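In what follows, a structure is listed as structure tokens, so that the remarks can point back to it.
The values are calculated or read from the model by the stated rules, or taken from the named source; none is laboratory data. These numbers were taken from a predicted model, which means no experiment stands behind them. Glycine gets a Cβ as well: all are built from the backbone with ideal geometry, and neighbour counts include every protein chain shown.
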Ligand SMILES: Cc1cc2nc3c(=O)[nH]c(=O)nc-3n(C[C@H](O)[C@H](O)[C@H](O)COP(=O)(O)OP(=O)(O)OC[C@H]3O[C@@H](n4cnc5c(N)ncnc54)[C@H](O)[C@@H]3O)c2cc1C
């Protein structure tokens, strides 16, 4: 039985542009499954492990030397808040994966601090995923995943791993941190794929 | 919700009529769930403030200005409004009234709430277990339960009180405004060799600092129980 | 190839206020599942072996679920996700949980105290 509480509105508002069950938020909530890792850009690196023994790495300056894209996207968190028209600068995964031969169709994304999330390699390509290091024109705040986070806005935002460290390409799908404890393996907000079986 | 009392300009006590509300143990909390008309829900934890066994549940909530739930509970909710409450829950951060050890309560801001339930429980049960409260608060005007504590300091035998005002002090106060420090805790608390049960509650940063001071003063870790309210934790301490 | 990444330490960033609460916060969610109050139980971290009351773990609650971490090594001890009609519970991070029970004495079901 649900009790509706008179006068309680919460931060979110309904909006016709939003995926089912989502609410528009004016601010940018900080969600985190652990402490904010302290990451020194001089020791930072991003890797792609191809799954056939090969490992590419980029230092911070190497990553920043790659062509950067500025994108404006809507983001949807599985905890039901959405934010429209957010602006990010980052390097497209198309660029990073350009001369990589994936050994399989699956990707497991790793973060500093131990967080993981999985998605099909196909969702990382085609201009749909970035390693983002600027938000709204400013360097990405550590609370929001700085120095760099994954940005995959067409899936629920837990897939956009904060403090991203690399991508492991796999022959077999491997569920990540939330996908292994109830959250949907794919997480399409428009099909409201929040939990297992949705 | 049956009634509400203003405690300070930033805090209010809500009196809730919960069918079959059981006697809680002092220190326990409830989970409050609010549901908006459009289906949006938010859940937060609030400590039980009331005396156990009175049949009515009281919560004291401090407003966090940019918060989602606390401004509703402090400013909007009215008698007759309804929301869901789960509890009482939590069996660890509780004072056991059968334990004869002296008690040290260390509160930061709204962290006073579960500790007040312990003070009220002690008094209601007519117990004489020595209690000392060290209460860090921003200034006298926003000190939750200030009047009741003044009265209890006079009437409740064996209850001692010390304040650390962090921003503004009452007229004629000797200690300048400042954070709770080791010297005040040593002076107003209990020496570790008396084996006191210590309860520390408030914003996460305050609890970290206060618990570390107690450890530095040789209180064993298993005699220090903590309840962190979160980053802003119901207001500054 | 995951081991070394999982041991990345996570000291909180200076500046931002610490954002966790105590394991006490788990009491409501776990009371939906268990008959006893699990927050008073002792849990052993599968990572570093530290034994501590569940109530003293660090809980991150502003997240899609509740995540309890070891105070000693920051490893994940427990995760709870609440869906509208299901709960998921992951206890892999705890090697063992010791729950105090009202004294029935015996170590075996037909022991002298049982
Ligand atoms: C066991 C327990 C008992 C409690 N008892 C009481 C009580 O008796 N009285 C009381 O007043 N409060 C109590 N609290 C605190 C209470 O649960 C709420 O956290 C508080 O009321 C704020 O909620 P809110 O929705 O108003 O604010 P929120 O919308 O949650 O936000 C509050 C502020 O904190 C910031 N914030 C939130 N999460 C993070 C994060 N992860 N990192 C950085 N910043 C963050 C927000 O930006 C905002 O500024 C208790 C908490 C716990 C865990």
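Of the residues making up the range B:60-81, those that are under 29 Å from residue C:38 (Cβ atoms) and away from chain C (no Cβ under 14 Å) number 5. When residue B:71 is tested against the conditions (1) surrounded by fewer than 24 Cβ atoms within 10 Å (Cβ to Cβ); (2) part of a loop (DSSP other than H, G, I, E, B); (3) within 12 Å of the ligand (Cβ to nearest atom); (4) modelled with pLDDT of 95 or more, the lone failure is (2). If you go through the range B:35-49 and keep only what is in contact (Cβ under 8 Å) with a residue 40 or more places away in the chain and either surrounded by fewer than 21 Cβ atoms within 10 Å (Cβ to Cβ) or more than 9 Å from the ligand (Cβ to nearest atom) (or both), you end up with just B:35.
The lone criterion from (1) more than 10 Å from the ligand (Cβ to nearest atom); (2) touching a strand residue (DSSP E or B) at 6+ places or on another chain (Cβ under 8 Å) left unmet by residue B:54 is number (2). Of all the criteria given as (1) closer than 30 Å to residue B:186 by Cα; (2) in contact with a strand residue (DSSP E or B) (Cβ under 7 Å, 6 or more places away or on another chain); (3) more than 14 Å from every other protein chain (Cβ to nearest Cβ), the one not satisfied by residue B:21 is (1). Taking the conditions exactly as written (buried (at least 16 other Cβ atoms within 10 Å of the Cβ) and away from chain C (no Cβ under 12 Å)), does residue A:60 satisfy them or not? Spelling it out, residue A:60 is indeed buried (at least 16 other Cβ atoms within 10 Å of the Cβ) and away from chain C (no Cβ under 12 Å). The single condition among (1) over 28 Å from residue B:222 (Cβ atoms); (2) near the ligand (Cβ under 10 Å from one of its atoms) that residue B:30 does not satisfy is (1). Counting only residues that are within 14 Å of the ligand (Cβ to nearest atom), at pLDDT 85 or above and farther than 17 Å from residue C:89 by Cβ, the range C:8-41 holds 5 of them. Every condition in (1) farther than 24 Å from residue B:214 by Cα; (2) modelled with pLDDT of 95 or more holds for residue B:129 except the one numbered (1). For the residues B:181, B:155, B:147, B:218, the requirement of being more than 14 Å from every other protein chain (Cβ to nearest Cβ) and on the phi > 0 side of the Ramachandran plot singles out B:218.
Taken over the range B:82-108, residues that are more than 14 Å from chain C (Cβ to nearest Cβ), surrounded by fewer than 19 Cβ atoms within 10 Å (Cβ to Cβ) and closer than 19 Å to residue B:30 by Cα amount to 1.
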